Amino acid sequence: MASTAIEKIVLASGNAGKIREIAEIFSGLNAEIVAQSKLGLESPEETGSTFVENALLKARHAAEHSGLPAMADDSGIAVDALNGRPGVRSARYAGENATDEENLDLLLEELKAVPDSERGGGFHCAAVLVFPGDTREPLIVEEVWRGTILRERRGRGGFGYDPVFLDADSQKTGAEMSREEKNAVSHRGRAFRMLCANLRDTNR
Ligand code: IMP
């Protein structure tokens, strides 16, 4: 179906690192990426029960208030032995205002008795692009980065649960990888590259 090329996309995120990463991925697309903060917008409360629902909530809010196409992501870690927890609650696992360190300590405590062979888990990222007034179908992608949860922190880079998440191929934790290494394999890098490829197909 022929459609009008997109010239500007609002990114519904306040995280400077994420904005830089995503702008890089979308740099070949001829569409300007504008952070929602530049338009005076903030993210709504994340009340969804899935990553896709939360990403859609954030993107729809930005599209409605800006009148522009908007992108958002929602991510977290789902641990097999915890039936997928902390999942969408990853940022708030140890409490509403918990720090990364507190969340990580709680995860390690909960997994204390879990044997090495059962410590699998995955980082999930849902990345979506919606159009103002829902004039076109939203683009929705979800990617998972599988790995193992270690018993102790390793590495000084990254953020969140990176220090205890071991990538099977490289045998490095997310916190031991360079930004480029992590982007190449991570849930978020893969999800946004896929979203960009889907959009490129409709944005010629
Ligand atoms: P949000 O997508 O910004 O809501 O992030 C959710 C939470 O998931 C973060 O606060 C982290 O705790 C965790 N998380 C998401 N992606 C990563 C990652 O790449 N490394 C480590 N933790 C992550």
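The values are calculated or read from the model by the stated rules, or taken from the named source; none is laboratory data. Since the structure is predicted, the reported quantities are computational estimates derived from the model, not experimental observations. Glycine also receives a Cβ, built like all others from the backbone with ideal geometry; neighbour counts cover every protein chain displayed. Keep in mind that these areas ignore ligands, DNA and RNA; they rest on the heavy atoms of the full protein, side chains included. Shrake-Rupley method; radii C 1.70, N 1.55, O 1.52, S 1.80 Å.
Given the chain reduced to its alpha-carbon atoms as identical point scatterers, what log10 I(q)/I(0) does the Debye formula return at q = 0.08, 0.15 Å⁻¹?
-0.28, -0.92
Give me the percent relative contact order of the chain, please, defined on Cα pairs under 8 angstrom at least 6 residues apart.
On the way: 396 pairs, mean separation 39.1, N = 204.
So the answer I get is 19 percent.
When only the heavy atoms of the protein chains count and the probe is 1.4 Å, how do Lys172, Lys182 rank by accessible area, highest first?
Values: Lys172 65, Lys182 25 Å².
Solvent-accessible surface, decreasing: Lys172, Lys182.
Please turn the phi angles of region 120-131 into ³J(HN,Hα) values with the Karplus equation 6.51 cos²θ - 1.76 cosθ + 1.60 (θ = phi - 60°), one per residue in order, whole Hz, x for glycine and proline.
Ordered by residue, 3J(HN,Hα) equals x, x, x, 7, 10, 9, 9, 10, 9, 10, 10, 10 Hz.
Give me a comma-separated list of calculated 3J(HN,Hα) values for region 10-23, in order, Karplus coefficients 6.51, -1.76, 1.60 applied at θ = phi - 60°, integers in Hz, x for any Gly or Pro.
Once rounded to whole Hz, the list reads 8, 9, 7, 8, x, 8, 4, x, 4, 4, 5, 4, 6, 4.
Less than 25 Å apart at the alpha-carbon level, and either on another chain or at least 8 residues along: which lysines does that give for Lys112?
In chain and number order, the partners are Lys172.
Amide H to amide H under 5 Å from Glu32: which residues, 5+ apart in sequence or cross-chain, H placed 1.01 Å off N in plane?
Sorted by chain and number, the residues that satisfy this are Lys8, Ile9.
Does anyone have the angle between helix 100-110 and the longest principal axis of the chain? Alpha-carbon axes, 0 to 90°, nearest 10?
Rounded to the nearest ten degrees, it is 50.
Within straight cross-link reach of Lys8, meaning Cα distance under 29 Å, which lysines are found once same-chain residues fewer than 8 apart are removed?
In chain and number order, the partners are Lys18, Lys38, Lys58, Lys182.
How high is the relative contact order of region 1-96, in percent, with contacts defined as C-alpha pairs under 8 Å that are six or more residues apart? All intermediate terms of the calculation are to be shown ahead of the outcome.
On the way: 128 pairs, mean separation 26.1, N = 96.
It rounds to 27 percent for region 1-96.
Can you give the accessible area of Ser13 in Å² (nearest 10), computed on protein heavy atoms with a 1.4 Å probe?
Surface accessible to solvent at Ser13 totals approximately 10 Å².
Could you order the peptides 96-102, 6-12, 130-136 from most to least packed, using the average number of other C-beta atoms within 10 Å per residue? Intermediate results must be reported in sequence, preceding the final value.
Working: 96-102: 11.6, 6-12: 20.4, 130-136: 15.6.
So the peptides 96-102, 6-12, 130-136, ranked by packing, come out 6-12, 130-136, 96-102.
Please work out the C-alpha center-to-center distance from region 1-68 to region 99-120 and express it in whole Å.
Here the two parts' Cα centres lie 32 Å apart.
In a GNM of the chain with a 10 Å cut-off on Cα contacts, which of Asp74, Asp162, Asp116 has the highest mean-square fluctuation?
Asp116
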